[in-house]
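Take a look at the structure set out below.
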Amino acid sequence: MLAFQDSSLSVYIHVPFCQTRCTYCAFNVYTDLEHLAPAYVDAVCRELELLARNNPHPEIHSLYFGGGTPSLLNSSYYDRLLNRIRDVFPLSPTAEISFESNPNDLTCAYLCELRELGINRLSIGMQSASSKVLGLFDRRHDLACVESAVQSARQAGFDNLNIDVIYGSPYESMTDWQSTVDALLGFAPEHISMYGLELKGGTPLRQQVDSGIHPAPDDDRFADMYDFATERLGDAGYVQYEISNWSRPGLQCRHNLQYWRNLPYVGVGAGSHGFAGGYRYSNIAAPGKYIAALAHAKSETFEFPLTPAVAKSKRVDRQDDLFDTVMMGMRLTGEGIDRADFEARFGLDIVDRFQDGIRKLINLELLEVKPDRVRLTSAGRLLSNAVIRELT
């Protein structure tokens with residue numbers, strides 16, 4: 001068991017349903033949602049009950065519905081899930097409750113129902129303002145659809161709105177990207193997540209690039225796009241708190257911070273991942289098998305956070321925990337790694353532990369050391385992977 005654990009906990013609920021198979025993701029496709037959804041929600045409720053029996057954390061301060069596409073399920077399912085969470089977990093009355101969505105699934109009536117249930121943070125997957133980029137990703141929406149979704153969200157009372165965009169796609173020009181950033185800022189969200197395209201193995205887009213159907217993303221243009229957006233978002237008053245995330249002051253995503261600070265969170269649902277109780281674990285990926293595992297679960301008490309839904313688990317030792325803390329904390333562009341927190345967790349100062357690597361990175365102007373923290377410089381943000389390799 002790790003010696004250090006923060007008292008607060010985040011809960012991530014995975015809803016692995018998609019209407020189409022996205023070319024840049026590895027989501028499975030489940031089209032018979034009306035048949036599968038009730039049993040899936042039953043299984044998630046059962047997993048929540050089992051997790052809660054031996055939960056050592058006094059408070060749940062963030063809850064995140066992700067996917068997949070959670071917005072494909074009607075609000076009655078979320079009513080049941082939220083009621084179950086409130087029944088079995090110490091959910092803070094001020095908890096941040098986030099909900100991922102596709103813009104074409106959102107109506108004002110649906111959003112009003114979600115807001116009335118207590119969901120107080122909405123994330124909309126805009127991805128791009130370019131029709132050619134959206135077409136490459138097999139997305140079903142356009143920019144007008146995003147605009148309508150944002151308007152509906154505001155009418156429903158959402159005052160904490162995130163918009164996701166992706167840059168560096170094949171065929172995407174700087175002009176395309178500049179138009180996306182301009183449109184994004186026009187929606188005035190409280191939070192922005194901006195991800196560089198990753199060609200993950202096994203995805204259709206990776207296969208198409210490897211076979212020459214599409215060109216590989218251009219690394220130089222990738223860097224130019226990042227620099228352009230960083231400057232534009234800063235000028236617009238957004239604070240960059242993580243390599244891929246910006247927010248209005250004080251509106252950083254709590255779930256993001258929990259993850260990047262390497263603090264505990266439980267992953268619930270098929271294919272989810274978690275880190276809690278000294279374990280990193282992943283759940284059974286196939287929803288049918290996940291449902292069956294929980295349907296036959298006995299009423300015994302399991303070691304937190306392990307349940308019959310867990311497919312793989314690993315007890316995290318001190319060295320792995322130190323590596324993970326450095327790897328993830330370095331992504332936090334503003335706070336970096338807090339030296340006092342690091343010493344409380346590991347019994348030594350991070351500068352003493354990595355003095356040679358840190359000295360080298362300071363000389364390369366990729367890292368800065370303050371009395372209270374260590375963090376990337378602006379130049380280091382584009383080379384974060386190299387910085388992390390040097391330290392770990």
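Model label sites at LYS312 and ALA340, defined 7 Å from Cα along the beta-carbon direction, differ in position by 3.8 nm.
Each peptide in 141-154, 378-391, 209-222 gets a packing score, the mean of other Cβ atoms within 10 Å over its residues, and the list from highest to lowest is 141-154, 378-391, 209-222.
Taking amide H atoms as placed 1.01 Å from N in the peptide plane, the amide H of LEU63 lies under 5 Å from those of VAL11, GLU96, ILE97, SER98, each 5 or more residues away in sequence or on another chain. Summarising the amide proton neighbourhood of VAL15: residues at separation of 5 or more, or on other chains, whose placed amide H is nearer than 5 Å comprise GLY66, GLY67. Computed from phi, the 3J(HN,Hα) profile of segment 364-380 under the Karplus parametrisation 6.51, -1.76, 1.60 (θ = phi - 60°) reads 7, 6, 9, 9, 10, 10, 10, x, 10, 7, 10, 8, 5, 7, 4, 5, x Hz, with x in place of Gly and Pro.
What is segment 318-391's relative contact order, in percent, from Cα pairs under 8 angstrom and six or more apart in sequence? Kindly include the intermediate steps, with their values, before the conclusion.
Details: 83 pairs, mean separation 25.0, N = 74.
In percent, rounded to a whole number, it is 34.
Only Cα pairs under 8 Å and at least 6 apart count here; give the relative contact order of the chain as a rounded whole percent. It rounds to 17 percent for the chain.
Pair-distance distribution of segment 291-392: all C-alpha pairs, bin width 5 Å, starting at 0; shares per bin in whole percent are 2, 11, 20, 19, 11, 7, 7, 8, 7, 5, 2, 0.
Using per-residue counts of other Cβ atoms within 10 Å, averaged over each peptide, order 64-77, 263-276 from highest down. Intermediate results must be reported in sequence, preceding the final value.
Working: 64-77: 20.6, 263-276: 23.3.
In descending order of packing, they fall as 263-276, 64-77.
As a length-normalised measure over Cα pairs under 8 Å and 6 or more apart, the relative contact order of segment 266-347 settles at 24 percent.
Going by the alpha-carbon gyration tensor, a ≥ b ≥ c the square roots of its eigenvalues, is segment 223-362 rounded (a/c under 1.5) or, if a/c is not under 1.5, prolate (a/b greater than b/c) versus oblate? Judged from the Cα gyration tensor, segment 223-362 comes out oblate (a/c at least 1.5, b/c at or above a/b).
Values in this text are rule-based calculations from the coordinates and carry no lab data. From a predicted model like this one, the values you see are computed outputs, not experimental measurements. Note that each Cβ is placed from the backbone with ideal geometry, even for glycine, and that neighbours are counted across all protein chains shown.
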